Amino acid sequence: MASYSGSCHCGAIAYEVQGELKEAYDCNCSMCSRRGGLLWFVPSDAFELKTDRADVATYRFNKHAIDHHFCTQCGIAPFSEGKMPDGSPMVAINARCLQDLDLNEVKIVAIDGRSF
């Protein structure tokens, strides 16, 4: 299993995630289309926040089902937290925030988040 390190732009939020990144999702919801993230969904136990939660701000909208996290210093949104359709906790990693990742090697799949 691969290990990836990720962060916001300034490094105030840093994390590690375990898993095989084969697909990332390009969501067209009002949030994702504005911030330009590519999402990789992982179980929450595959994610480890390496920095203090106090450096993480959270925004919720619509159904308040997803915690959209962003850096209070640089504004980058490196991950979100919520639940999978089966109710299990998950983290939506912004693949653009992963270090040393060649996005040309990742299949990008469009999803219709506007309809959720």
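The values are calculated or read from the model by the stated rules, or taken from the named source; none is laboratory data. Values in this document were obtained by computation on a predicted structure and should not be read as measured data. Glycine gets a Cβ as well: all are built from the backbone with ideal geometry, and neighbour counts include every protein chain shown.
What to note about this one:
- When MET31 is tested against (1) of a type outside the set (S, T, N, Q); (2) farther than 16 Å from TYR4 by Cβ; (3) part of a strand (DSSP E or B), just one condition goes unmet, and that condition is (3).
- Filter pass, GLY36 being loosely packed, with under 14 Cβ neighbours inside 10 Å and either in contact (Cβ under 8 Å) with a residue 24 or more places away in the chain or not small (Gly, Ala, Ser) (or both): yes
- Residue in region 7-16 that is surrounded by 17 or more Cβ atoms within 10 Å (Cβ to Cβ) and in a helix (DSSP H, G or I) present: no
- Which numbered condition VAL106 misses (of (1) farther than 18 Å from CYS29 by Cβ; (2) surrounded by fewer than 16 Cβ atoms within 10 Å (Cβ to Cβ)): (2)
- Total residues in region 54-73, condition loosely packed, with under 12 Cβ neighbours inside 10 Å and aromatic (Phe, Trp, Tyr): 1
- Counted residues, region 36-81 - those being of a type outside the set (Val, Ile, Thr), assigned to a loop (DSSP other than H, G, I, E, B) and under 13 Å from the mean Cα position of the chain (by Cα): 5
- Among the conditions (1) at positive phi; (2) in contact with a strand residue (DSSP E or B) (Cβ under 6 Å, 6 or more places away or on another chain), the only one that ALA110 does not satisfy is (1).
Residues checked against (1) in contact (Cβ under 8 Å) with a residue 60 or more places away in the chain; (2) more than 20 Å from SER3 (Cβ to Cβ); (3) of a type outside the set (Ser, Thr, Tyr):
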position: LYS50; (1), (2), (3): no, no, yes
position: PHE61; (1), (2), (3): no, yes, yes
position: ILE76; (1), (2), (3): yes, yes, yes
position: GLY82; (1), (2), (3): no, yes, yes
position: ASP86; (1), (2), (3): no, yes, yes
position: ASN94; (1), (2), (3): yes, no, yes
position: VAL109; (1), (2), (3): yes, yes, yes
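- With respect to the conditions (1) part of a strand (DSSP E or B); (2) at pLDDT below 90, ALA24 falls short on a single one, namely (2).
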